[in-house]
Amino acid sequence: MSRRILLALLIGALATGVVGCEDTTSGSPTTGSGTTAAQALFNPCTGIPDDALRAAGVDPASEESGIAGVHQSGWEICAWDGPKYFITVYSTSRTVVEFEHKPGNVEFRDVTVAGRQGRQFKVEGASKNLGCDVLFPVSQGIVQLSVLNRAGMEGLDDPCAVLYRVGPSIVPSLPH
């Protein structure tokens, strides 16, 4: 399958998660504690070292910020390509509960990745069996680690198994 088609599938899967959590309210941003000072979001493009990305099996030079290079308001997003899967890290002030209430997010369960507690889930749709996501609560809201297998390839590992395998490389770089 061509890279362009794979990218279109990835964008569709990513946009589903981001658009569904878009803020439609107005006013001052708040943190989970109810304060009105907005906390800066973790930027995965600058916060995850190249060594960690290489250890996770993706190419740091393939870095793409946003969704298809377009910044998403209220989010910091960075994605990298590997031979069999993509890794995307999202950062937002949203909460785990907001993700749990979003239609299309399913199969939530508590997990531990690289010694860190998180909530694993899947996104319904054509790529459901290709992807696996884990939300990690952080002081700013959440950081989401996502693995999406390349469609059409044979011999792919379960995406959650891949996420747990790459987790020790990526998770230590994430904020708390």
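Just so you know, all these numbers are worked out from the coordinates, no wet-lab data involved. In this text, all values refer to a predicted model and were calculated from it rather than measured experimentally. Note: ideal-geometry Cβ built from the backbone for every residue, glycine included; neighbour counts use all protein chains shown.
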Taking loop as defined by DSSP and a crowding limit of 14 other beta carbons within 10 Å, which GluC sites (Glu not before Pro) in region 91-160 fit? E124, E154
Just grab the label-to-label distance for V70 and N129, each label 7 Å out from Cα along the Cβ direction, in nm (one decimal). 3.1
Computed over the Cα atoms, what is the radius of gyration of region 124-176 divided by 2.2 N^0.38 Å, N being its residue count? 1.26
How much length would be gained if the chain were fully extended between N43 and A151, taking 0.36 nm per residue of separation minus their Cα-Cα distance, in nm to one decimal? 36.1 nm
Diffing region 135-141: the Karplus 3J(HN,Hα) column from phi (6.51, -1.76, 1.60, θ = phi - 60°), in whole Hz with x for Gly and Pro, holds 9, 10, x, 9, 4, 7, x
Inter-probe distance in nm under a simple model that places probes 7 Å from Cα toward Cβ, at H176 and F108: 2.4
Please give every one of the lysines within straight-line cross-link reach of K102, meaning a C-alpha to C-alpha distance under 24 Å, and leave out same-chain neighbours fewer than 8 residues apart. K122, K128
Amide H neighbours of Y85 under 5 Å, counting only residues 5+ apart in sequence or on other chains, H built in-plane at 1.01 Å? R150
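Using the Cβ atoms and a cut-off under 11 Å, what net charge is assigned to the surroundings of C78, where Lys and Arg are +1 and Asp and Glu are -1?
Details: positive: none; negative: E63, E64, E76.
Charge balance near C78 sits at -3.
Please compute the Kirkwood hydrodynamic radius of region 31-136 from all pairs of different C-alpha atoms, in Å with one decimal. Walk me through the numbers on the way to the answer.
On the way: mean 1/r = 0.0655 Å⁻¹.
Computed over Cα pairs of region 31-136, the Kirkwood hydrodynamic radius comes out at 15.3 Å.
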